[in-house]
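Visitor: I have a structure here, written as structure tokens, and I will follow up with some questions on it.
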Amino acid sequence: MAAVTSGLISETSAIALYIDEHREQPSEQHRLKGLQGQYCAVRRICADGSCFYRGLGFAFLESLRGKPQDLLWFRARVMQSEQDLLAAGFQDYVYKQHYETFLSLVDTAADKEAADKEAAGKEAAGSLMTAFNHPDISGSAIQYLRLVTSAFLRSRADFYLPFLEDTSCMEDFCAQKVEPMTAVCDHIQIAAVTRALDIPLQVEYVDSRDTVITRHVFPEGSHPCVYMLYHNDHYTLLYKEEGVTPV
């Protein structure tokens, strides 16, 4: 595939290369080496505050390629989310464009010809990589995911408010900490968006304060198909040994 110039989502690279970049930090490198037994590759996401949402949207759609029934199911779930947004009080002019953008990305994932070209390393104008590296498309997809997260939290404020610090109003939290494009995603948001769209996710946390890697699965008890590394306040996509071949 031709190089993508925007740098929002990279091609995959061997996880050993990522680990080697931390050779001047022996303790962190030691912890990162614990990932090598399970993962073979990483995909880097632009560090602009939306790395989690961009990575989640791309990786889940990528995981559905070649699975027509799963894609149909997820398309129906995305269509249902419009009612969730309306029920949470969002006017259609706030979400409509972003909703339609994300729905079109689901259809892009279902484009077998483009997926085959991308898998073969050929240029594919309709590929997920091309779409997610287009600033307007990628940004709109992220805004959709943020609004879905906000709608889920707003509709379940009684449950989630006790987990939030320094706020007694879910509407204020969502307006200030969830919906803005530069707002950093936290644990509550991850739990909300994965439940809202039924996206099974596993996050490997490598924290300088811990001596071992901490793993969380969202939603709890699910079987993950998307994997992420949280390291140095940033999310990077991980690929299992049976996943994407490093390039």
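The values are calculated or read from the model by the stated rules, or taken from the named source; none is laboratory data. What you are looking at is a predicted structure, and each value in this text was computed from that prediction instead of being measured. Cβ: placed from backbone, ideal geometry, glycine included. Neighbour counts: every protein chain shown. SASA here: full protein model, heavy atoms, side chains in, ligands and nucleic acids out. Shrake-Rupley method; radii C 1.70, N 1.55, O 1.52, S 1.80 Å.
Visitor: Search the stretch 75-87 for residues being in contact with a Phe, Trp or Tyr (Cβ under 8 Å, 6 or more places away or on another chain) and among the hydrophobic types (A, V, I, L, M, F, W, C), and hand back the single one that is surrounded by the most Cβ atoms within 10 Å (Cβ to Cβ).
Guide: Only one residue tops the list, namely LEU85.
Visitor: Go through the residues of the stretch 204-217 one by one and say whether even a single one is at pLDDT below 95, under 17 Å from the mean Cα position of the chain (by Cα) and open to solvent by 90 Å² or more (accessible area, probe 1.4 Å).
Guide: Yes - at least one qualifying residue is present in the stretch 204-217.
Visitor: Let me ask you something else. Examine the stretch 95-111 for a residue that is at pLDDT 95 or above, among the aliphatic types (A, V, I, L, M) and either in contact with a Gly (Cβ under 6 Å, 6 or more places away or on another chain) or open to solvent by 60 Å² or more (accessible area, probe 1.4 Å) (or both), and state whether such a residue exists.
Guide: Looking through the stretch 95-111, none of the residues is at pLDDT 95 or above, among the aliphatic types (A, V, I, L, M) and either in contact with a Gly (Cβ under 6 Å, 6 or more places away or on another chain) or open to solvent by 60 Å² or more (accessible area, probe 1.4 Å) (or both).
Visitor: For ALA175, are the conditions met, namely being more than 29 Å from LEU17 (Cβ to Cβ) and open to solvent by less than 20 Å² (accessible area, probe 1.4 Å)?
Guide: It is false that ALA175 is more than 29 Å from LEU17 (Cβ to Cβ) and open to solvent by less than 20 Å² (accessible area, probe 1.4 Å).
Visitor: Filter the stretch 18-34 down to the residues that are under 24 Å from the mean Cα position of the chain (by Cα), surrounded by fewer than 17 Cβ atoms within 10 Å (Cβ to Cβ) and touching a residue at least 60 places away in the same chain (Cβ under 8 Å) and list them by number.
Guide: Result: GLY34, single match.
Visitor: Follow-up question, since we're still on this one. Report yes if some residue within the stretch 183-192 is open to solvent by 50 Å² or more (accessible area, probe 1.4 Å), farther than 21 Å from LEU105 by Cα, more than 14 Å from the chain's Cα centre (by Cα) and not basic (Lys, Arg); otherwise report no.
Guide: The answer is no; no qualifying residue exists.
Visitor: Restricting the search to the stretch 118-157, which residues are modelled with pLDDT under 90, out of contact with any Leu (no Cβ under 8 Å at 6 or more places or on another chain) and open to solvent by 10 Å² or more (accessible area, probe 1.4 Å)?
Guide: ALA119, ALA120, GLY121, LYS122, GLU123, ALA125, GLY126
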